[in-house]
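Only the coordinates and a few stated rules stand behind these numbers; no lab work does. Only a predicted model underlies this, so the values are computations on that prediction, with no experimental measurement involved. Here Cβ is always computed from backbone atoms with ideal geometry, including for glycine, and neighbour counts include all displayed protein chains.
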Amino acid sequence: MQVSKRIDTLLGGGSDGWEVFNRARQMIASGEAVTELTIGEHDIRTAAPILQDMHRAAMAGHTGYASVPGIPALRDAIAARVTARTGVETRRENVMITPGGQAGLFATHMAVIDPGDTALYIDPFYATYPGTLRGASARPVAIRTRAEDAFEPRAEDIAAHADDARSLLVNSPNNPTGVVYSRATMEGIAQVCHDHDLWLISDEVYDTQVWEGAHLSPRALPGMAERTLVVGSMSKSHAMTGSRIGWIIGPEKIIGDLINLATHTTYGVPGYIQEAAHFALSLGPDFEAEIAEPFRRRRALAHRILAEQNAVGLIPSAGAMYLMLDVRSTGMSGEAFANALLDAHRIAVMPGESFGAAAAGHLRVAMTIEDAAFERALRTLCQFAKDCVDRG
Ligand code: PLP
């Protein structure tokens, strides 16, 4: 039986970038000890009080079909949070709850793209982006950035591809680079969106993980609220990855359209998860800072370790749970380096190439293991790079 072209071409052919990760998992399955610095997930689980509230809500009967746009209390809490964080007046009607940020990325593109339309995104990129855009029947076009710009996009590079485009997807704080876009970069992005009448889809799932400077939501820039759809999530901010809870923020009309889409696709998010999310948000910014703290600490640790050597460079890391390391001095590709490091030291990191051509010769290191093991792994990685450089 034939499957649709859409599903058949979802991955775009070629490698899916997960070979090193899969090899590491195979080694682990066969009993070897591997240090994994690959996946963007906390080394803690969802906090007990949130789980207790989830249990309370389920026992209280929130197990039937829940309101498709989201329960009013949660939509209101998110609207208030967005208003407080960005200064943009946001109401319940601007919010739709989704089963995680990933579903929000797909739904937003479904809402703004007709089949075959060009959807722009920034390279390096979160690994699912091109497949998500293809899944929404878009023609994904990557805007390549440069290591020397800390992988922040230049407005003129976006503009060069924007003439026949319908949307632009940006992500700050960024996975995989750990970069937080500057105000100037965001203003450049906003200008291109105005000039070329683009929808801006702003993936802000790491907005509570900012180590330096401040996160600016582009929705807060003049004239942008009417053309921006923000994708948010509680996965990273509240260590709730498995609960699949996120949201889309946007103009009331398109939120209405997205609710129609949800009615015909997800049919909403379980009520007990939404109740627990509402409780989790009530724990406030101190709780969010507590969840982010281990990454803040390890990032400071990494800065100290990397400052002691010069074989490995660091892309200025200002946010998110990742470091983007430059190993071009070794003469190896990120993929060759990651494979060799795995073979020699049983340390798994993601090759930059897994996140697009722009990150060739780089590695993404997830700061998602406890501090002492993280320090050991990073020191070993640096020594390994130095040995490669010394050998020429
Ligand atoms: N966007 C980015 C940049 C991510 O890194 C992730 C997950 O790693 C997601 C979206 C999806 O997150 P979730 O669907 O868990 O909310």
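A few remarks follow.
- Simple spin-label estimate for Ser30 and Met1 gives 3.6 nm between the two label positions (7 Å along the Cα-to-Cβ direction from each Cα).
- Cβ-derived FRET efficiency at R0 22 Å, Thr83 paired with Met59, nearest 0.05: 0.10
- Shape descriptor for the chain: Rg over Rh equals 0.96 (Cα atoms; Rh from the Kirkwood inverse mean 1/r).
- In Å, descending, principal axis extents of the Cα set of region 107-218: 40, 26, 23
- Ranked for footprinting exposure by Cβ neighbours inside 10 Å, fewest first, Leu258, Leu314, Leu10 give Leu10, Leu314, Leu258.
- Beta bridges by DSSP in region 60-284, antiparallel share as percent, to the nearest 5: 30 percent
- Gain in span if fully extended, Arg144 to Leu51, counting 0.36 nm per residue against the direct Cα distance: 29.3 nm
- Gain in span if fully extended, Asp390 to Asp16, counting 0.36 nm per residue against the direct Cα distance: 131.4 nm
- Each helix, a run of at least 4 DSSP H residues, gives -39500 (n - 2.57); summed and divided by the residues of the chain, these come to -13000 deg cm²/dmol at 222 nm.
- Alpha-carbon Rg/Rh ratio, for region 16-102, with Rh computed the Kirkwood way: 1.14
- Pair-distance profile P(r), taking every C-alpha pair of region 211-283, with 5 angstrom steps and integer %: 3, 13, 18, 21, 20, 17, 6, 2, 0
- Arranged from fewest to most other beta-carbon atoms within 10 Å of their beta carbon, Tyr206, Tyr272 become Tyr272, Tyr206.
- Taking max minus min of the alpha-carbon positions on each principal axis, region 60-284 gives extents of 54, 40, 30 Å, largest first.
- The calculated FRET efficiency for the pair Glu41 and Leu301, based on their C-beta separation and a Förster distance of 25 Å, comes to about 0.85.
- Computed on the Cα atoms alone, the convex hull of region 86-161 gives a volume of 133 cubic angstrom per residue.
- Counting every other Cβ atom within 10 Å of each residue's Cβ, Asp326, Asp203, Asp343, Asp76 order from fewest to most as Asp343, Asp76, Asp326, Asp203.
- If you plug the beta carbon distance of Gln309 and Ala184 into 1/(1 + (r/R0)^6) with R0 = 45 Å, you get a FRET efficiency near 0.90.
- Within a Gaussian network of the chain (alpha carbon springs, distance under 10 Å), most fluctuating of Glu290, Glu36, Glu204: Glu290
- Straight-line cross-link reach from Lys386 at under 15 Å between alpha-carbon atoms covers these aspartates and glutamates, not counting any fewer than eight positions away in the same chain: Glu308, Asp326.
- Net charge dipole, region 60-284: roughly 640 debye, given to the nearest 20, about the Cα centre with Cβ charges of +1 for Lys and Arg and -1 for Asp and Glu.
- Averaging the sequence gap over all C-alpha pairs within less than 8 Å and six or more residues apart, then dividing by the number of residues, gives the chain a relative contact order of 24 percent.
- Low-density loop positions, GluC sites (Glu not before Pro), region 38-94 - DSSP coil, at most 16 other Cβ in 10 Å: Glu41, Glu89
- Highest mobility in the GNM of the chain, judged by mean-square fluctuation with C-alpha springs under 10 Å and restricted to Val230, Val95, Val141, is found for Val141.
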